[in-house]
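Visitor: Please see the structure below; I have some questions.
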Amino acid sequence: MAAPVLLLLAAAPCLAALCGGEHLAGVPLTAAQMPAARPVHIVQIGDSHTAGDGITGALRDALQVRLGNGGRGLMPAGRPHAGVRLRGVSVTMSAAWSARGLFGSAAAEPWPPRGITGYTLTSRAPGAALSLAADSAFTAFGLCVAAGPAGPRFSLTLGADVQEVNFTAPTDGPQCRRFTVTVAADSARLELLAGEAIITGWWLERPAGIIVSNLGVPGSQLQFLGRADEATIAAHFKALPPDLVILAFGTNEGFAPFFDAARLEGQIREQVTRIRRLAGPAPILMLGPPDAASRNTELRANVVRGAAGSAPDCNKAVQAAPGRLPVSGIDVPLWTAEGGALAPDPVTLTGPVPRAVRRGLPLFNPPALAAASAVQRRVAAELGIAFWDWRARQGGACSAVRWMQAGLMGADFIHYSPAGGAEVARLLLADLDAAHAANPAASAP
């Protein structure tokens, strides 16, 4: 093949669902690649799709069946937000704790410090307690706090073992400690004895296998990761080094009233640079936003300096048949008795009081979703990280409607049911396996 043609092909952008798969070649996905003396850690940082643990939990289950259970991994302590769900563990906390996240009320304030878990719990009340029960026994428990001259000091119970731990340090700063147990335990309890507890995360670990940590903040955008304290991030990564970092943002950027592509590009470059500096040479995979739909007409042209294409009309994707879930609200798919055809628009609903209902309420893809995905794809290639086009794998524009009617997404056309989360995880893992097969130059453990 002529040299100019080869150069042209090399410069052509990747349009596949998974681009940059060669950057993931060293991520252990087979038993032959697994290290013998430590677990493999995959950490996903993102928004509510990550916080809900439906997708990451299904990915964790699949990989642990394949390669062994390495532990539950890094988590925010306690239950800092109703949208944070942690499969595999149950947590209880006393009333004496307060939580602060990277997004939400007072999130921009620098204190207390927060790291990649997205949340910090604080308390000054002696006796304030946190308890954790795990579905699978663990051999090590990790705790990350902001230490200082005044402590804090805790009573730590791991299974039947009780010990007092003191995080006193000459100066304020983050500390992460790993506590091993002689007999595998399935419970942990932490009680504040003295000082101010500022807990930035905890984790459960086993000697080998796979760990998948889901670190998500509902409502968050990539820009809010910039609020995380660098020393705390570094302590988290040092305590539980990642073998793969997944960045899963884009949905909230796509639903923002004003999306600025140049601003997102700057945020991607800044955060990828920071992760590389603090986490070391771990490969990075960026997930584009999934398909999602809205009825908020203010989002029909939400791209700054011009729309990146139109906002597709997703009413056309409604499948009107008795076997499909109805679309919620007044946008109801009504079918006639003959052949499942769509009823006329408007239609009249019979009942105690007949009323006319229009089926044509706007239901569309905010154009910023496609714009955000395009920025992520391009910048990922320029930075040498992998990119997964979640929306394309879901089925493209308006596929959220089909997924909702199939019971895979909720009525908000944004979040996933357990079955939907499992399907997303299956699609992602299938593409990771395919990329691994296509790039066999993975290093041995």
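The values are calculated or read from the model by the stated rules, or taken from the named source; none is laboratory data. Nothing here was measured: the structure is a model prediction, and the numbers come from that model. Quick reminder, even Gly has a Cβ in these numbers, built from the backbone with ideal geometry, and neighbours come from all protein chains shown. Remember, those area values only see protein heavy atoms, side chains included, never the ligands or the DNA or RNA. Shrake-Rupley method; radii C 1.70, N 1.55, O 1.52, S 1.80 Å.
Visitor: What part of the accessible area of the chain, given as a whole %, is carbon or sulfur when the probe is 1.4 angstrom?
Guide: Result for the chain: 59 percent of the exposed heavy-atom area is carbon or sulfur.
Visitor: How high is the relative contact order of the range 9-120, in percent, with contacts defined as C-alpha pairs under 8 Å that are six or more residues apart?
Guide: It rounds to 22 percent for the range 9-120.
Visitor: Can you give the net charge of the other residues whose Cβ lies under 12 Å from the Cβ of Val217, counting K and R as +1 and D and E as -1?
Guide: +2
Visitor: Given the alpha-carbon gyration tensor of the chain, what are the semi-axes of its equivalent ellipsoid in whole angstrom, ordered largest first, with each equal to the square root of 5 times an eigenvalue?
Guide: 40, 28, 22
Visitor: Continuing with this model, one more query. Provide the per residue accessible area, probe 1.4 Å, for the chain, rounded to a whole number of square angstrom.
Guide: 42 Å²
Visitor: List every DSSP H helix in the chain whose Cα atoms extend 27 Å or more along the helix's own long axis and whose mean Kyte-Doolittle hydropathy is at least -0.5.
Guide: Result, helices passing both filters: 418-438.
Visitor: Can you work out ³J(HN,Hα) from phi for every residue in the range 398-410, in order, using Karplus 6.51 cos²θ - 1.76 cosθ + 1.60 and θ = phi - 60°, giving whole Hz and x for Gly and Pro?
Guide: 6, 5, 4, 5, 5, 5, 4, 6, 8, x, 9, 10, x
Visitor: What's the magnitude of the charge dipole for the chain around its Cα centre, counting Lys and Arg as +1 and Asp and Glu as -1 at the beta-carbon? Answer in Debye, nearest 20.
Guide: 140 debye
Visitor: Sorted by packing (mean other beta-carbon atoms within 10 Å per residue), highest first, where do 54-62, 390-398 land?
Guide: Ranked by mean Cβ neighbours within 10 Å, highest first: 54-62, 390-398.
Visitor: Give me the net charge of Leu158's neighbourhood, meaning all other residues with Cβ under 10 Å from the Cβ of Leu158; Lys, Arg count +1, Asp, Glu -1.
Guide: -1
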